[in-house]
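What follows is a set of notes on a single structure, which appears directly below.
The values are calculated or read from the model by the stated rules, or taken from the named source; none is laboratory data. What you see is a predicted model; the values in this text were computed from it and never measured. Cβ placement follows ideal geometry from the backbone for every residue including glycine, while neighbour counts extend to all protein chains displayed. Quick note on the areas: whole protein, heavy atoms, side chains included, nothing else; ligands and nucleic acids left out. Shrake-Rupley method; radii C 1.70, N 1.55, O 1.52, S 1.80 Å.
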Amino acid sequence: MQLNGFDYQRVPVADGVHLNVAAAGSGEPIVLLHGFPQTHLMWRHVAADLATDHTVLCPDLRGYGDSDKPADTGQTYAKRTMAADVVALARAFGFERFALAGHDRGALVAIRAGLDHPDAITHLASLDVLPTLDMWDVLHGASAAVAFHLYLMAQPPGLAERMISAVPDEFFGYFLDAWTQHSDAIPADVRAEYLRASREAVTSIVADYRATATIDIEHDTADREAGNRLRMPVAVLQQDWGAALGYDATTLWRAWAENLEHATVSCGHFMAEEGPAEVLKALRDLLAR
């Protein structure tokens, strides 16, 4: 499947790594990063509108979709590495500075890009995640069961990959069902594409999550200790996880981003598909700041 009206390329971003990217429009650039267990198709309701007055780039992250899936060396799926991919992608299209929006896993990549490449990122949007350190800190006791997949895929290589590969459609489909309030937000053909892409990427998806329990913690801890913060305008959209898990999301986010607009949404996790108008408004408001 492809985004209507977008041109597709495979763009080299690192040694032996090409990203599949859909591109359209002209004007100031914005890069849109997808989440789990999705591909760039999650932006189908948002990207076309933005492309009316922006250059829009929608890649599959390394390890996902039709992008390359290199073997993990411990650093391969660090968000630092994946953020460098995104900066290299934008430069391949001629952009040294660009806005960046990410959902879920893509939001973690976007946050890292904002911390590592502050001169490249003009605006940053995060959809339905907390920064890595805060994410782990707020998970306590039985309530942490909502994030069981984080703990499963944090284990050393081997077991998680075998378990997920035994029933991949059931595993990935579980999240598409459990995290969606309106089942028609992800139609059958899109769901089938998400399942195909995830089924073919079990090892790299697990490596991405494992990095969030290892090397990503090291990088975020170093930034926190150094007082490194996001300097660009930041917009955050989240479900009201704070009420469910007992934390103040705005306060946690403000420790990372002073120029922050934080809002909760009433739709489910896949908000670009369930509430695209709300997401689009938030992005356009951010780009106007």
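Considering every residue within segment 98-112, establish whether at least one is over 16 Å from the mean Cα position of the chain (by Cα) and touching a residue at least 24 places away in the same chain (Cβ under 8 Å).
Yes, segment 98-112 contains at least one residue that is over 16 Å from the mean Cα position of the chain (by Cα) and touching a residue at least 24 places away in the same chain (Cβ under 8 Å).
Between a first residue in segment 135-162 that is within 29 Å of ALA255 (Cα to Cα) and surrounded by 15 or more Cβ atoms within 10 Å (Cβ to Cβ) and a second residue that is charged (D, E, K, R) and at pLDDT 95 or above, which pairs have beta carbons less than 7 Å apart while being 6 or more apart in sequence or on different chains?
MET153/ARG210; ALA154/ARG210
Report the residue count in segment 240-268 for those that are in a loop (DSSP other than H, G, I, E, B) and under 21 Å from ARG112 (Cα atoms).
Of the residues in segment 240-268, 4 are in a loop (DSSP other than H, G, I, E, B) and under 21 Å from ARG112 (Cα atoms).
Just checking, which of VAL190, VAL279 is open to solvent by less than 10 Å² (accessible area, probe 1.4 Å), within 18 Å of ALA125 (Cα to Cα) and part of a helix (DSSP H, G or I)?
VAL279
Report yes if VAL206 is within 28 Å of ALA142 (Cβ to Cβ), open to solvent by less than 10 Å² (accessible area, probe 1.4 Å) and either part of a helix (DSSP H, G or I) or touching a Gly at 6+ places or on another chain (Cβ under 6 Å) (or both), otherwise no.
yes
Of all residues in segment 266-276, count the ones that are under 19 Å from the mean Cα position of the chain (by Cα) and free of Cβ contacts under 8 Å to residues at least 40 places away in the same chain.
Here the count works out to 1.
Among the numbered criteria (1) free of Cβ contacts under 8 Å to residues at least 60 places away in the same chain; (2) of a type in the set (Val, Ile, Thr); (3) outside any strand (DSSP E or B), which one does VAL56 miss?
Just one mismatch for VAL56, condition (3).
Starting from segment 226-251, keep only residues that are at positive phi, then list their pairs with residues that are modelled with pLDDT of 90 or more and not hydroxyl-bearing (Ser, Thr, Tyr) whose Cβ atoms are within a distance under 9 Å, requiring at least 6 positions of separation or different chains.
GLY246/VAL138
If we scan segment 60-73, do we find a residue that is under 18 Å from the mean Cα position of the chain (by Cα), crowded, with 22+ Cβ neighbours inside 10 Å, outside any loop (DSSP other than H, G, I, E, B) and of a type outside the set (Val, Ile, Thr)?
no
Can you tell which of ASP104, ASP169, ASP177 is in contact with a strand residue (DSSP E or B) (Cβ under 9 Å, 6 or more places away or on another chain), open to solvent by 10 Å² or more (accessible area, probe 1.4 Å) and under 26 Å from GLN239 (Cβ atoms)?
ASP104 is the lone residue from the list that is in contact with a strand residue (DSSP E or B) (Cβ under 9 Å, 6 or more places away or on another chain), open to solvent by 10 Å² or more (accessible area, probe 1.4 Å) and under 26 Å from GLN239 (Cβ atoms).
Out of segment 107-134, which residues are of a type in the set (Gly, Ala, Ser), farther than 15 Å from TRP241 by Cα and buried (at least 24 other Cβ atoms within 10 Å of the Cβ)?
Of everything in segment 107-134, those that are of a type in the set (Gly, Ala, Ser), farther than 15 Å from TRP241 by Cα and buried (at least 24 other Cβ atoms within 10 Å of the Cβ) turn out to be ALA107, ALA110, ALA113, GLY114, ALA125.
Is it true that ARG224 is open to solvent by 80 Å² or more (accessible area, probe 1.4 Å), in a loop (DSSP other than H, G, I, E, B), over 30 Å from ARG191 (Cβ atoms) and among the charged types (D, E, K, R)?
In short, no.
Please work out which residue is farthest from GLY74 (Cα to Cα), limiting yourself to segment 163-187 and to residues that are in a helix (DSSP H, G or I) and in contact (Cβ under 8 Å) with a residue 60 or more places away in the chain.
Checked segment 163-187; the qualifying residue farthest from GLY74 (Cα to Cα) is ALA185.
Determine whether TRP241 is within 24 Å of ALA154 (Cβ to Cβ) and open to solvent by 70 Å² or more (accessible area, probe 1.4 Å).
yes
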